[in-house]
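Before any comments, here is the structure.
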Amino acid sequence: MKKTKYSAFIFILLLTSTLAQQVNADFIYVTLLIDKQNYKQREMLTINGTVTHNGNLVDDGLIAIEVENPNKPILLRTLPLSTNISTRYFYMQVESLYPCDGVANPITYIERGLNVYIYVYMKIKNNGVADKQVYTSISIVDSNSVLLDSKWGGLTVYAGQSCVFMPRLNIPNWASTGIAKIYANIYSDLPENGGYPLCPESSAKIPILESIYIDPPEDGGNQQIIQNGTYRLQFILPPDVLPGEYKVSVTAWYKGLQRSTSKTFNVTVIPSPPWPSFAIKPPKAGPGYSITFDASSSSPEGYNDTITKYSWNFGDGGTATGRIVTHSYSNVGNYTVTLTVIDAEGFSNTTSKIVSIIIIHDIAVLSIECMEKIYDSWKVYVTITVKNKGTVQENFNLRLYYNNTLTNSTTIQLGILQSKKIILEWMTTGISVPANYILKAEVDILQNEVNTTDNTLTFSSIRAIKLGDIIEDRIIDIYDITCVCVAYGSREGDPNWYVMADLVRDGLIDIYDVTTVCILYNYQY
């Protein structure tokens, strides 16, 4: 009897141990560390931790991170927990992500200033077999890792379908110039509610410029080193950060398992001097030119604080007050421009820059854009970008050649450091086909021009064929007529638009194009 009870006891212990191991095997563990319990404005905040499964760092998976201020979520990010993420677990997908205007046209840069904003186009697809309620988020940080804005929202994405999330994001006046990063994510719910990532994070970039006179910066890259089972996120809260208790919530996801945790930290706003900053537009000019000095990028550095006074010293005896002012210089030279700002708390701060007053004549052809396949007896649009790199307004001629034969020209006026796209028409009547052609754009050489090497630019090679030979087999036949009919009724920009079917070159494929190809039917060359 005692032996039977003893055996039963041993069996229960073994069963309990086995069940415990199985239970433990079904859990992942996540740690969360915040390097500051008390955060002050302009400090870098670091969030890091580990994710383990059965005591080992995971070799796959994602972790969702949400940062909330006392009122709402302000940052949502998803970080990889491995260099090789298995995509077979994810049925949600970010198909497209890019910065744009309010009607989804892509934009290539932002000029910093007051009341500046962008839209971000995010196209999401549900590759699963069931409809899914998801939470999408887009966050943007500047080149110094300062959080600029974040938007999120709930969407229903139907099975096998796509939908678009296109929020407006504010670009604060104090945003740092350089390459800003846009991060887009899809979650089952907000991480504060235990929501986990439904796919890896997608990202895009947008240059923030001090002014249109400054060329977009190059992206130096900032590739994060990833170690299996670990994560690390660094960022800076905005300089007008809301004081109070902030919460960081993380949800780790690993092969269908998830685990959440959270911690808090406090944000303390310490009265600080304002942060002066200004742009010179343009940064160099000739004597007598009215230069704009814009201090819109200055920051008061405090919650609900404001800058009450902007004082300027232009370095030539001239002074002014105001956020945006203008000034011209009589003589060439380098002048130190000093800006002093005072905030509502009575703090002041000063910064300075050099403005160059110099006479420079320099114009350039920057680029040529043209179709690489064209017809004879056709209208070809050639887009040429020219720039005034000098410091005085210039008037000059632009000429377009094909194989050294002049085909078109125009007169252009450009202000200091101004660039412009010019569209010239090339009428190809009389050219030989089939043949290859080279385009050349050329601008005048100015008197005392400092650099003439970029006054010409070539574009090659352009293939010319007979009008109507759409499939390019050197005979106009039923196949070419079919191509026109397939695109019939379409306008430029329509899904079925095909420019080579626009034989009369009017932006619409209609009966005139059909008539043209029919007249040329059976023509061989």
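If the Cβ limit is 9 Å and pairs must be 6+ apart or interchain, which residue in the range 337-361 that is over 18 Å from residue 326 (Cα atoms) and free of Cβ contacts under 8 Å to residues at least 60 places away in the same chain pairs with which residue that is crowded, with 17+ Cβ neighbours inside 10 Å and of a type in the set (A, V, I, L, M)?
344/307
Could we say that residue 72 is closer than 22 Å to residue 153 by Cβ, surrounded by fewer than 20 Cβ atoms within 10 Å (Cβ to Cβ) and of a type in the set (Lys, Arg) here?
Considered against the rule, which asks whether it is closer than 22 Å to residue 153 by Cβ, surrounded by fewer than 20 Cβ atoms within 10 Å (Cβ to Cβ) and of a type in the set (Lys, Arg), residue 72 comes out as yes.
Within the range 455-467, does at least one residue satisfy the condition of being part of a loop (DSSP other than H, G, I, E, B) and over 22 Å from residue 386 (Cα atoms)?
Yes; the residues of the range 455-467 include at least one that is part of a loop (DSSP other than H, G, I, E, B) and over 22 Å from residue 386 (Cα atoms).
Could you grab me the full set of residues in the range 295-307 that are surrounded by fewer than 17 Cβ atoms within 10 Å (Cβ to Cβ) and over 25 Å from residue 47 (Cα atoms)?
304, 306, listed by residue number.
Every residue, every condition in (1) among the hydrophobic types (A, V, I, L, M, F, W, C); (2) in contact with a His (Cβ under 7 Å, 6 or more places away or on another chain); (3) at pLDDT below 95, yes or no:
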site: 420; (1), (2), (3): no, no, no
site: 458; (1), (2), (3): no, no, no
site: 462; (1), (2), (3): yes, no, no
site: 486; (1), (2), (3): yes, no, no
site: 494; (1), (2), (3): no, no, yes
site: 500; (1), (2), (3): yes, no, no
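On the given criteria, is residue 117 at pLDDT 95 or above, surrounded by 19 or more Cβ atoms within 10 Å (Cβ to Cβ) and aromatic (Phe, Trp, Tyr)?
no
For every residue, the table says whether it meets (1) at pLDDT below 95; (2) within 21 Å of residue 43 (Cβ to Cβ); (3) not basic (Lys, Arg).
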{"site": "261", "(1), (2), (3)": "no, no, yes"}
{"site": "267", "(1), (2), (3)": "no, yes, yes"}
{"site": "282", "(1), (2), (3)": "yes, no, yes"}
{"site": "287", "(1), (2), (3)": "no, no, yes"}
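Only one of 114, 62, 75 is more than 22 Å from the chain's Cα centre (by Cα) and not aromatic (Phe, Trp, Tyr). Can you tell me which?
62
Among the residues in the range 414-423, are any in contact with a Lys or Arg (Cβ under 6 Å, 6 or more places away or on another chain), within 29 Å of residue 504 (Cβ to Cβ) and among the hydroxyl-bearing types (Ser, Thr, Tyr)?
Scanning the range 414-423, I find no residue that is in contact with a Lys or Arg (Cβ under 6 Å, 6 or more places away or on another chain), within 29 Å of residue 504 (Cβ to Cβ) and among the hydroxyl-bearing types (Ser, Thr, Tyr), so the answer is no.
Report yes if some residue within the range 481-492 is assigned to a strand (DSSP E or B), surrounded by fewer than 19 Cβ atoms within 10 Å (Cβ to Cβ) and touching a residue at least 24 places away in the same chain (Cβ under 8 Å); otherwise report no.
Checked the range 481-492: no residue is assigned to a strand (DSSP E or B), surrounded by fewer than 19 Cβ atoms within 10 Å (Cβ to Cβ) and touching a residue at least 24 places away in the same chain (Cβ under 8 Å).
Name every residue in the range 269-280 that is at pLDDT 95 or above and among the polar types (S, T, N, Q), in order of residue number.
If the condition is that a residue be at pLDDT 95 or above and among the polar types (S, T, N, Q), then 277 is the only one that fits.
What's the total number of residues in the range 283-326 that are within 32 Å of the chain's Cα centre (by Cα) and either in the same structural domain as residue 114 (by TED's automatic domain parsing) or charged (D, E, K, R) (or both)?
5
I need the full set of residues from the range 399-454 which are over 19 Å from residue 389 (Cβ atoms) and part of a loop (DSSP other than H, G, I, E, B), in order please.
403, 404, 428, 429, 430, 431, 432, 433, 434
What single numbered condition from (1) assigned by TED's automatic domain parsing to the domain that holds residue 457; (2) touching a residue at least 12 places away in the same chain (Cβ under 8 Å) fails to hold for residue 405?
(2)
Yes/no matrix, rows are residues, columns are (1) at pLDDT 95 or above; (2) surrounded by 13 or more Cβ atoms within 10 Å (Cβ to Cβ); (3) closer than 30 Å to residue 468 by Cα:
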position: 345; (1), (2), (3): no, yes, no
position: 352; (1), (2), (3): yes, yes, no
position: 364; (1), (2), (3): yes, yes, no
position: 397; (1), (2), (3): yes, no, no
position: 408; (1), (2), (3): yes, yes, yes
position: 415; (1), (2), (3): no, yes, no
position: 440; (1), (2), (3): yes, yes, yes
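Can you go through 127, 173, 115 and tell me which one is farther than 25 Å from residue 229 by Cβ and free of Cβ contacts under 8 Å to residues at least 24 places away in the same chain?
115
How many residues does the range 134-147 hold that are buried (at least 21 other Cβ atoms within 10 Å of the Cβ) and under 15 Å from the mean Cα position of the chain (by Cα)?
5
Quick check on the range 258-294: of everything there that is free of Cβ contacts under 8 Å to residues at least 60 places away in the same chain and surrounded by fewer than 21 Cβ atoms within 10 Å (Cβ to Cβ), which residue is farthest from residue 306 (Cα to Cα)?
Only one residue fits best here, namely 288.
The values are calculated or read from the model by the stated rules, or taken from the named source; none is laboratory data. Keep in mind the model is a prediction, meaning the values are calculated, not measured. Note that each Cβ is placed from the backbone with ideal geometry, even for glycine, and that neighbours are counted across all protein chains shown.
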